[in-house]
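What follows is calculated from the coordinates using simple rules that are stated; it is not laboratory data. The structure presented is a predicted model; accordingly, all values stated were derived computationally and were not measured. Using ideal geometry, Cβ is built from the backbone for each residue, glycine included, and neighbour counts are taken over all protein chains shown.
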Amino acid sequence: MIDRRRFLAATLGTAALPGALAQGVASAAAQAAAPAWQPNRIVQIFVGFQAGGGTDVIARLYAAAADEISPVKFVVVNRPGGAGAIAADVVAHLEPDGYTLLLGGGSESTTLPHYTKLNYKLADFAAIGRVNREHMVLVTSRKGPYDSLDALVKAAKANPGKISYGSSGVGGILHAGFEAFEKAADIKLNHVPYRGGADAFKDVLSGNIDMTLVIPAEAKAQAEAGNAWILATFSDRSAILPDVKGVSELGFAMSMDNMKGLLISSRTPEPIIRWHRETFDRVMKSDRMAELARKMNVELGYLDAAAFMKAMADTSSQVQSLRKE
């Protein structure tokens, strides 16, 4: 015999069910019909470096591309200092409500923990996805004498500790990259830390320091303007600078890349993380993102959340090994 309550529920809906049973069915139906989380106010992307630098450019690229897809705007907030650690610390400890993201994946995530004690760790973040893989390009000023990697290394060997380089801060990925280069080339350089890579590059162009590392687009723009020499990349050739060799091609056994993507507090509820990951996937695959990246000379390097976390962990292990040697 068919159960009467089940029959009524199937044919008449929950209105035919008495008391607690009706309430239970209604509650389950409401949960099933409830819309997934989505933001209803602006989402902030914290950047641990100055406006105008390479990290800032990637954050603003994503924010602009998301305008056509997200129901709310993404706004970039610059909190420079500590090679990105200040911004990372803020995002790690703010309310995990989905309205605060970190544009990270480089210094604050992979290198700093091996140089200094931090108030956060990589496990405090959940990855949303990687926007790009950043070649680090070695540049010097046209005002100086170092127009090739060979000339630079010869001068460094003849003058240990005299030739200077600027970084985005002690323990940042630029610092780690130069330490790897020093080891590979068997040279000693003079480290001059800045609050961000943008200031370091300004001082290179003005002749106050000898060299730094920048993203390919910045290097290309200043080289074409007649202000900078491009010596090499710290990994392989960049599509933006296809004629520029990597240091390994020039005889120095090292390779290190930067990368940038979106991170969120790992304490954030899963539905919120899911919304950001799904939105990220749509933004990264959009024609708008491809168009803006092309105009801004940015090499996209999409990775999903799991692959991005692995890439950060791999770089972290590389720097850890370097620091132990």
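Numbers below:
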quantity: Cα gyration tensor, region 91-231 - rounded (a/c under 1.5), prolate or oblate; calculated: prolate
quantity: Where N is the number of residues in region 120-179, Cα Rg divided by 2.2 N^0.38 Å; calculated: 1.56
quantity: Residues with amide H under 5 Å from that of Ile240, placed H, sequence gap 5 or more; calculated: none
quantity: Separation in nanometres of the label points that stand 7 Å from Cα toward Cβ, at Asp150 and Ala123; calculated: 5.0
quantity: Per-peptide average of other Cβ atoms within 10 Å, ordering 264-272, 133-141 highest first; calculated: 133-141, 264-272
quantity: Surrounding net charge for Ser317, when Lys and Arg each add one and Asp and Glu each subtract one, Cβ distance under 12 Å; calculated: +2
quantity: Overall form of region 155-223 per C-alpha gyration tensor (a/c, 1.5; a/b vs b/c); calculated: prolate
quantity: Local electrostatic count, Val47, Cβ distance below 10 Å [Lys/Arg +1, Asp/Glu -1]; calculated: +2
quantity: Rounded if a/c under 1.5, otherwise prolate or oblate - the chain, Cα gyration tensor axes; calculated: prolate
quantity: Net lengthening on full extension, Glu270/Glu291 (0.36 nm per residue, minus Cα-Cα); calculated: 4.4 nm
quantity: Contact order relative to length of region 138-229, as percent, for alpha carbon pairs under 8 angstrom and 6 or more apart; calculated: 43
quantity: Cα-based reach from Lys154 at 16 Å (exclusive), listing lysines while leaving out same-chain residues under 8 positions away; calculated: Lys162, Lys183, Lys188
quantity: Gained length - Glu224 relative to Ser206, 0.36 nm times residue gap less alpha-carbon distance; calculated: 4.9 nm
quantity: Rg/Rh (Cα only; Kirkwood hydrodynamic radius) as it applies to region 79-138; calculated: 0.96
quantity: Crossing angle, helix 19-33 versus the chain [Cα axis fit, 0-90 degrees, rounded to tens]; calculated: 30
quantity: Cα-projected label distance for Trp37 with Lys324, points at 7 Å along beta-carbon direction, nm; calculated: 3.7
quantity: Straight-distance crosslink candidates among aspartates and glutamates, where the alpha carbon sits under 16 Å from Lys143 and sequence neighbours closer than 8 are dropped; calculated: Asp203, Asp210, Glu224
quantity: Radius 13 Å from Cβ of Gly81, net charge of other residues (Lys, Arg +1; Asp, Glu -1); calculated: -1
quantity: Over 25 Å between alpha carbons, listed pairs Lys220/Lys260; Lys117/Lys310; Lys245/Lys285; calculated: Lys245/Lys285
quantity: Over the chain: helical MRE at 222 nm, DSSP H runs n ≥ 4 each giving -39500 (n - 2.57), nearest 500; calculated: -12500 deg cm²/dmol
quantity: Spin-label pair Leu250/Asp186, simplified geometry with 7 Å Cα→Cβ offset, distance in nm; calculated: 1.8
